[in-house]
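The next block holds one structure in the form of structure tokens; read it before the comments.
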Amino acid sequence: MTLSLVSLLSRDITALWLLLKTRADEIMHQDIVPLCAADIQEQLKRRFAYLSGGRGQDGSPVITFPDYPAFSEIPDKEFQNVLTYLTSIPSLQDAGIGFILVIDRRQDKWTSVKASVLRIAASFPANLQLVLVLRPTGFFQRTLSDIAFKFNRDDFKMKVPVIMLSSVPELHGYIDKSQLTEDLGGTLDYCHSRWLCHRTAIESFALMVKQTAQMLQSFGTELAETELPNDVQSTRAVLSTHTGKKDQAKEELRLALKEGHSILDSLGEPLAEGTVHSVSQDQLDNQATVQRLLDQLNETEAAFDEFWAKHQQKLEQCLQLRHFEQGFREVKATLDTVSQKMATFTDVGNSLAHVEHLLKNLSSFEEKSSVAVERARALALEGQQLIEDRHYAVDSIHPKCEELQHLCDQLTTEVGRRRGRLGKSLELHSLLEMSMKWCDEGIYLLASQPVDKCQSQDGAEAALQEIEKFLETGVENKIEELDKIYKEYESILNPDLVEHVQKVFQKQESMQEMFHRRQASLKKLAAKQTRPVQPVAPRPEALSKSPSPAPGSWRGCENAGPEGGALRRGPYRRAKSEMSENRQGRSGSAGDEEESLAILRRHVMNELLDTERAYVEELLCVLEGYAAEMDNPLMMHLISAGLHNKKDVLFGNMEEIYHFHNRIFLRELERCIDCPELVGRCFLERMEDFQIYEKYCQNKPRSESLWRQCSDCPFFQECQKKLDHKLSLDSYLLKPVQRITKYQLLLKEMLKYSRHCEGAEDLQEALSSILGILKAVNDSMHLIAITGYDGNLSDLGRLLMQGSFSVWTDHKKGHTKVKELARFKPMQRHLFLHEKAVLFCKKREENGEGYEKAPSYSYKQSLNMTAVGITENVKGDAKKFEIWYNAREEVYIIQAPTPEIKAAWVSEIRKVLTSQLHACREASQHRALEQSHSLPLPAPSGTSPSRGNTRSVKKLEERKTDPLGLEGYGSSSLPKPPEKGKGWSKASHSLEAPEDEGGWSSAEDPINSSDAEEDGGVGPTKPVPGKYTVVLHDEKGGADATDALDALALSSGDVLEVVEEGTEGLWYVRDLTSGKEGWVPASSLSVLLGKSNSAQCLSSSESSPGSAVLSNSSSCSEGCHASFSDLQA
């Protein structure tokens, strides 16, 4: 149908265009003259010949040659042009009869008459019928002309007769007076200038008509050949362009018509005046010509208007079609997007709150999609209207309208179907929720019934009535038949929901079974008859026995503990308190007590699951109601500039947390609902996943800062309004932080009631792990606040501890002013203990609110743990300990807030140093085995040391206990200990001087008081590489010295070279007298060398490269570093 309409319309337009072309061709091919009056206007103004408009008796046009003295001087070209133009003016019919020439030579000479006649006869371009010559009127000239004409008649022989006339009356015999002008005695009204003006105007108008016809023909061709565009913009541009050209053509037509009517009025003035002069035929012909041109212009304009109307209708319908098609594409894309999003609404919910949230989302989705549906329906109505208006593209419009209507109906039906499914799901979850609530209330009822009161008949009957009354309430709250539920809700049941229904039903069956057992027990107690009491004399052996308490009471006393963290459920708190109060006095069986503990464990598990589901729902609500809306184009105008591209900053990794809990952790928790005591294993298996909270907490300061800047943004207010939240977004952004701290409370409660269960160890381990994560999160929050550290904190290893301390410095190598300042007021420093270094930072409180008020830490110094030693006890203060560096070159006295904190730090530092010691021992043993072929192994240790060497042995044992230097056993080029701060950025050799904060305090004595100093003695002196003389004294001898003498065969007076220090307090020495070499303990070496000065010592330039010793002893004092200079020769 559309093709036929288009074809018909095209035929109509083509026919109209052909009509327009025909009209234009008629105009262009008529009145075509070789010359125009405008072209020879100057020649015509000379008036040597003119066309007066008179006619002969047979209608022949009359051309008059008036008396013109300079006739012979007219150029031939001009003469020929004038004659050609004059002969072209009459119609072809009149010109075919032949022209009558009237040559007026009355005032001329015969000689010129002859020349004029001959010239005219030779140049006349048209047919001649008659030539009338008015000869000269003078006597002499007349006589001469008569004679000359007779004798020269042959010269005037022409195809037409030439008649010589002597007077004007004779002329009237050939031509009527009404056809002659006044100068020839006629009455014909003729004005040469007016004639010339009319001829110029008529010809100009004819040219204008011709050009207009050409323009219309060209424009019509363009319109007919224009192809319809395929888009709205192009169609609108074509319509606008064609309309502009049409208006221009119409304006030119209007001007041409106006010009034609003006000329016609000018030609009609003589007729209107009604003068006595007759009107010439040429004037009448001119009027007819102009009128004919005007009629043709009117017909052309009418044809053009009709053609344009059809063409405009076609373009306008094309524009309507393109608008409809564009709208269809947009609406179709929108409906497809809505349908795709609709397809995602497959979830029927896993809880009552979840279903309510899904219904709210569906309502919001329906509200948003209704805009697209209404637009689609409106577009379909527009298409129907186009069809009713007989649009040429009906076949294209009609299917699109039907498709739009179908999509709208389909979407509406699907929304209704999804709403019905969610309604059924809401109904089912409400039933399950009621059943769960009924079961919880029943469990609470069983837990709240005191067993001791039920031992009596009245108590048992009361408890039995209470149970029966409660069971009556189950008619409306419990699931009666599982198959009926499956059949009624078959359309929405999925495996997860079926499993949930089964669990609820199993819980209900289990609870009912518990009630039946309790009923049976109570019925037995209620039916029990009271037997009379008969006095019986006690047996003698019974008096000496003391009654033992029932096993249940002992267990009840053991299990009774302090109240844990309060949970949200009120019945649980009451059950717990009543069970704790009644347990001590309960004399029931162990089974009843275990049942009570199981009830409490279920309460804790229910609390964990309920809060977990609510937590997941809240996260989903935030992600869909806020985070997703930040990408919604319809909400972009509400988002302030400061929020653009800041979604990751505001929400952190909340989406990652949600997916972990929703897809993994919640489902695993639900599997533990029947065995709550095994929930610890669930936590342990997912402990690594809980590390995601550290990332969230580290981002929290940035998130809260952004929230404070943009909390007034209309976007948040609009989202909160749509979600119907009473609290703003910042309260929900705090949920993950609150949740990770909630787990440890729930685990404590679960552990409290699972002490003798299978999963108790897992629960304890899970609780410790959760507490460790909380500590790691807290430490990381402090760690990210460190400023000024140029290195990578991750290179320092795991952060073990952090805290604030008072710090004094006591540097042995340095300016004396540093030592003096060390005794003044301490510096306040925040220490970060890593596996590889300890960082000293200055705590700086920040002004602000929330997380912006959190302190920052300015980095001051770092100590490499491979060069660190500690002194656990400092004289005068149980809260102080020492950290010293590079063999006590730098000493930092640390005062903890409490002795407990000090003990924790010392213990952790010792663990780090011990781990380093084990690593060094393994490396040293490996190197010693490799070099055993070139150097002897250390001498074996002897018997227990003597009294005189007790202190040396004590120091050696301490060195074996604590980390030592990193030197190998037989390395010829031992590595130097790392300098303080080597490998760590911005390390300095001393802390800044104590700050001038407050007054002096004599109680905080910074004197270094190690364990050795408290004993009141000075430990063994430390040797240095060089040459010494062996000095033996019996009172200083001992097992180590004896072993050294036996191994090296030393004797008093031998020269001994101390080469280098190894590990575990051993020195490699060489006997220069005997040439023997070996390892000797430092304590034995001190005994062998004594105070002798007989040996020559090596200079410092000759010292072994391994002479630098890294001391990590945990109890060395200042006295341990006495120089051996007094032993050097």
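The values are calculated or read from the model by the stated rules, or taken from the named source; none is laboratory data. Remember, it's a predicted structure, so these values are computed and weren't measured experimentally. Cβ atoms come from the backbone with ideal geometry, glycine included; neighbour counts cover every protein chain shown. Only protein heavy atoms, including side chains, enter the accessible area calculation; ligands, DNA and RNA are left aside. Shrake-Rupley method; radii C 1.70, N 1.55, O 1.52, S 1.80 Å.
Of all residues in the stretch 763-784 being open to solvent by less than 20 Å² (accessible area, probe 1.4 Å) and either farther than 25 Å from Tyr743 by Cα or within 33 Å of the chain's Cα centre (by Cα) (or both), which is modelled with the lowest pLDDT? Across the stretch 763-784, the extreme among qualifying residues is Ser780.
Within the stretch 168-192, residues that are farther than 23 Å from Ala37 by Cβ sit with their Cβ atoms under 7 Å from residues that are of a type in the set (Lys, Arg), at 6+ positions apart or across chains, in these pairs: Gly185/Lys177; Gly186/Lys177; Thr187/Lys177. Annotation: Leu83 fulfils all but one of (1) within 18 Å of Tyr50 (Cβ to Cβ); (2) buried (at least 18 other Cβ atoms within 10 Å of the Cβ); (3) modelled with pLDDT under 85; the unmet one is (3).
Within the set Leu257, Leu264, the sole residue that is in contact with a helix residue (DSSP H, G or I) (Cβ under 7 Å, 6 or more places away or on another chain), at pLDDT below 85 and in a helix (DSSP H, G or I) turns out to be Leu264.
Taking the listed residues Arg292, Arg329, the one that is modelled with pLDDT of 85 or more, within 30 Å of Ser60 (Cα to Cα) and not aromatic (Phe, Trp, Tyr) is Arg292, with no other qualifying.
Of all residues in the stretch 728-750, how many are free of Cβ contacts under 8 Å to residues at least 12 places away in the same chain and either basic (Lys, Arg) or closer than 23 Å to Leu763 by Cβ (or both)? Here the count works out to 1.
When we screen Val355, Val331, Val373, Val338 for residues that are in contact with a Cys (Cβ under 9 Å, 6 or more places away or on another chain), aliphatic (A, V, I, L, M) and in a helix (DSSP H, G or I), the only hit is Val373.
Where the second residue is part of a loop (DSSP other than H, G, I, E, B) and modelled with pLDDT of 85 or more and the first is open to solvent by less than 60 Å² (accessible area, probe 1.4 Å) and lies in the stretch 340-358, which pairs have Cβ atoms under 6 Å and are six or more apart or on separate chains? Qualifying pairs under 6 Å: Val348/Ile492. Ala376 falls short on exactly one of the conditions (1) modelled with pLDDT under 90; (2) buried (at least 20 other Cβ atoms within 10 Å of the Cβ); (3) small (Gly, Ala, Ser), and that condition is (1).
Annotation: Asn886 fulfils all but one of (1) among the polar types (S, T, N, Q); (2) at pLDDT 85 or above; (3) crowded, with 16+ Cβ neighbours inside 10 Å; the unmet one is (2). Every test in (1) open to solvent by 40 Å² or more (accessible area, probe 1.4 Å); (2) at pLDDT 90 or above is passed by Leu407 save one, and that test is (1). Remark: pairs (first residue in the stretch 891-902, more than 8 Å from Trp808 (Cα to Cα); second residue open to solvent by 60 Å² or more (accessible area, probe 1.4 Å) and of a type in the set (A, V, I, L, M); Cβ separation under 8 Å; 6+ apart in sequence or on different chains) = Pro899/Ala878; Lys902/Ala878. Taking the condition of being open to solvent by 70 Å² or more (accessible area, probe 1.4 Å), farther than 26 Å from Cys672 by Cα and modelled with pLDDT of 80 or more, how many residues in the stretch 484-542 meet it? The number of residues fulfilling the criteria is 7. Checking each residue in the stretch 441-493 for being under 18 Å from Glu427 (Cβ atoms) and in contact with a helix residue (DSSP H, G or I) (Cβ under 7 Å, 6 or more places away or on another chain) picks out Asn477, Lys478, Ile479, Leu482, Ile485, Tyr489, Ser491, Ile492, Leu493. Residue check: Met164 meets all listed conditions (1) open to solvent by 50 Å² or more (accessible area, probe 1.4 Å); (2) at pLDDT below 85; (3) more than 23 Å from Asp94 (Cβ to Cβ) but one, namely (1).
The set of residues from the stretch 410-427 being surrounded by fewer than 19 Cβ atoms within 10 Å (Cβ to Cβ) and among the charged types (D, E, K, R) comprises Glu414, Arg417, Arg419, Lys424, Glu427. On inspection, Ala115 does not qualify as free of Cβ contacts under 8 Å to residues at least 40 places away in the same chain and hydrophobic (A, V, I, L, M, F, W, C).
Tallying residues that are over 14 Å from Met434 (Cα atoms) and part of a helix (DSSP H, G or I) within the stretch 472-502 yields 14. Within the option set Gln281, Gln320, being in contact with a strand residue (DSSP E or B) (Cβ under 6 Å, 6 or more places away or on another chain) and on the phi < 0 side of the Ramachandran plot holds for one residue only, Gln281. Are any of the residues in the stretch 904-916 assigned to a loop (DSSP other than H, G, I, E, B), open to solvent by less than 20 Å² (accessible area, probe 1.4 Å) and either at pLDDT 90 or above or under 12 Å from Phe805 (Cβ atoms) (or both)? Among the residues of the stretch 904-916, not one is assigned to a loop (DSSP other than H, G, I, E, B), open to solvent by less than 20 Å² (accessible area, probe 1.4 Å) and either at pLDDT 90 or above or under 12 Å from Phe805 (Cβ atoms) (or both), which makes the answer no.
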